[in-house]
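Below is one structure; the comments refer to it alone.
Bear in mind these aren't lab numbers, they're just calculated from the coordinates by the rules spelled out. Just so we're clear, the structure is a prediction, and the values are computed from it rather than from any experiment. We place every Cβ from the backbone using ideal geometry, glycine too, and count neighbours over all the protein chains shown.
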Ligand code: NI
């Protein structure tokens, strides 16, 4: 099911997400719907906050990211046949960034701020710990765009948008533009 996405300046985007207690049927259905919504909207990442579900869940699929991650499941090694898998769907439940290094500027966009892009400084090398949609704990080492995307999506779970990193003046202009658009 494709879910409606909240758009800036909707105040619900500022909600802090709660931790998921158990990966039950409802959580699995939400993850499935979030992937469907993200692919339908041509996004590379989506946080539950953006579909008005305030749980710590993020889905992601960064194209051509095969050389940018190493995924380690707690109990076994996650083997992905990277050569034949074009898609790299990743689901992060209760994610935590445990290490970060190397900063870089990247141009970002967001399904909740359509038609707008801005340069944001992020870490280009991170380690994140989370649970997947099967309830398995994993550690992911990520680089480059994938690392940037994870930080962007984890911000959503804290009620933070990428435009918050822009100057106050630019934010004001964006808000005025958005208001004009919504008035038609
Ligand atoms: Ni976003």
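Quick notes on this one:
- For the pair residue 18 and residue 172 in one chain, pulling the backbone fully straight at 0.36 nm per residue adds 52.5 nm over the alpha carbon distance.
- Calculated FRET value between residue 125 and residue 183, using beta carbons and R₀ = 41 Å, to 0.05: 0.40
- Distance in nm between pseudo-label sites at residue 98 and residue 28 (7 Å out along the Cβ direction from Cα): 2.6
- P(r) of region 11-183 over all Cα-Cα pairs, binned every 5 Å from zero, in whole percent: 1, 8, 17, 21, 22, 15, 9, 4, 2, 1, 0
- Region 168-184-region 130-146 distance, computed between alpha-carbon centres (Å): 35
- Fewest-first ranking of 152, 106, using other Cβ atoms within 10 Å as the exposure measure: 106, 152
- Crossing angle, helix 25-40 versus the chain [Cα axis fit, 0-90 degrees, rounded to tens]: 60
- Annotation for residue 164 and residue 52: the two label points, set 7 Å from Cα along the Cα-Cβ direction, are 2.1 nm apart.
- Counted by neighbouring Cβ atoms within 10 Å, the residues 12, 122 run from fewest to most as 12, 122.
- At an R0 of 22 angstrom, the distance between the Cβ atoms of residue 87 and residue 1 translates into a FRET efficiency of 0.65.
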